[in-house]
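Asker: Have a look at this one.
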C-alpha cells in the first residue's frame, strides 16, 4: 500500500476472498481474515486510496457444491458473507462489485469447462 501511495495511486480494486473469510460452513468468520482485510482497508483509507472491493472473484468455499447444484444454499451463504462485509467495512468502502467477470464463471466454468466452476 505504501508503494501504491508513493506512485500516486488514487484507487485500488481487490477481492475479499470468501473462502478465506468463511473457510467453514459454521457461519463464523476467520479472525485472521477479518484482521487482514481490516488492516488493508485502514492502510488504503489512511493514504487516500479509494478501495473498490469485489465480493466474488471465483473462490467458492469448498463446502458449497457449486453455482447450480444448490442455489438456495449458495444464496444463503453468499448473503451472509456479503452482509458481514458490508457491516464490517461498509463505512470504509463506497464502491462494491458483486461478481468479477460473471460471464467467465458461467460460460467458461459451466458451459465450456475451460475454468473450474
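The values are calculated or read from the model by the stated rules, or taken from the named source; none is laboratory data. This one's a predicted model, so the numbers in the text were calculated from it and none came from an experiment. When we count neighbours, we look across all protein chains shown, and the Cβ atoms used for this are built from the backbone with ideal geometry, even at glycine.
Asker: Of the residues in segment 72-111, how many are touching a strand residue (DSSP E or B) at 6+ places or on another chain (Cβ under 9 Å), in a loop (DSSP other than H, G, I, E, B) and surrounded by 11 or more Cβ atoms within 10 Å (Cβ to Cβ)?
Answerer: 4
Asker: Hey, residue 24 hits all of (1) at pLDDT 95 or above; (2) surrounded by 15 or more Cβ atoms within 10 Å (Cβ to Cβ) but one; which does it fall short on?
Answerer: Residue 24 satisfies every listed condition except (2).
Asker: Follow-up. In the set 114, 69, which member is assigned to a loop (DSSP other than H, G, I, E, B), in contact with a helix residue (DSSP H, G or I) (Cβ under 7 Å, 6 or more places away or on another chain) and more than 26 Å from residue 42 (Cβ to Cβ)?
Answerer: 114
Asker: If I filter segment 36-57 for residues that are loosely packed, with under 12 Cβ neighbours inside 10 Å, outside any helix (DSSP H, G or I) and touching a residue at least 12 places away in the same chain (Cβ under 8 Å), do I get at least one hit? If you could, list the steps in order and put the result at the bottom.
Answerer: Of all residues in segment 36-57, those loosely packed, with under 12 Cβ neighbours inside 10 Å come to 39, 46, 48.
Adding the requirement that they be outside any helix (DSSP H, G or I) leaves 48.
Of the ones still in play, those that are also touching a residue at least 12 places away in the same chain (Cβ under 8 Å) are 48.
Within segment 36-57, one or more residues are loosely packed, with under 12 Cβ neighbours inside 10 Å, outside any helix (DSSP H, G or I) and touching a residue at least 12 places away in the same chain (Cβ under 8 Å).
Asker: Can I ask one more? Do we find that residue 116 is modelled with pLDDT of 95 or more and either surrounded by fewer than 13 Cβ atoms within 10 Å (Cβ to Cβ) or over 14 Å from the mean Cα position of the chain (by Cα) (or both) in this structure? Spell out the reasoning first.
Answerer: Values: modelled with pLDDT of 95 or more: no; either surrounded by fewer than 13 Cβ atoms within 10 Å (Cβ to Cβ) or over 14 Å from the mean Cα position of the chain (by Cα) (or both): yes.
It is false that residue 116 is modelled with pLDDT of 95 or more and either surrounded by fewer than 13 Cβ atoms within 10 Å (Cβ to Cβ) or over 14 Å from the mean Cα position of the chain (by Cα) (or both).
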